Structure formats: C-alpha cells, structure tokens
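> Just dropping this structure here.
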C-alpha cells in the first residue's frame, strides 16, 4: 500500500548506513525476502511486477524495520449513528 516503508541498517565497516525502500504509488507494496544469505527488499505493483529491488548480504544487515501505513479495518470503524458525534479523547464517559 502506498506509504509502506522498510528501513535497512547495514554494517559498512567502521560505520552503519541506512537505506529505505518506500511504496511510492497507490497500489504498490513493499515485500521482504531472505534467500541464500541475501536480504531482498522489493517494491511490487498490484500485478506482481517488481519495480525496484535492494539487495544486501544477510551477514551485514543489522536491522530490518518494516513500517506499514496504518490501515482502517472494517472492525475498527465507529459504530456511532450517522450524524452522531463521538466524545473527544481524554473526556470521561461517565460525566
């Protein structure tokens, strides 16, 4: 989904480097795979075509942080009646 991000922190000898792969357009997602000692992070379209890929040696990767965009789930939607306004955050419901 647009906005999904993966940050990769890599050991670069005497320092560390941080790389970022972001789903830049609507309908794209970021996929991560670890195969045969290589970490692959790819931006993929809806149809499954790979747009771009970042590859790193697995023994050099210090951290792999996936940061998905918060999605609104149908079970998390408000159950208020149409036109009804919910109470502000931090307000006690019993007062």
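The values are calculated or read from the model by the stated rules, or taken from the named source; none is laboratory data. What you see is a predicted model, and the numbers here were worked out from it, not measured in a lab. Because the Cβ atoms are built from the backbone with ideal geometry, glycine has one as well, and the counts that use them run over all protein chains shown.
> Hey, does region 73-91 have a residue that's surrounded by 12 or more Cβ atoms within 10 Å (Cβ to Cβ), assigned to a loop (DSSP other than H, G, I, E, B) and at pLDDT below 90?
no
> Hey, another quick one. Look at region 1-22 and say how many of its residues are under 13 Å from the mean Cα position of the chain (by Cα) and free of Cβ contacts under 8 Å to residues at least 60 places away in the same chain.
4
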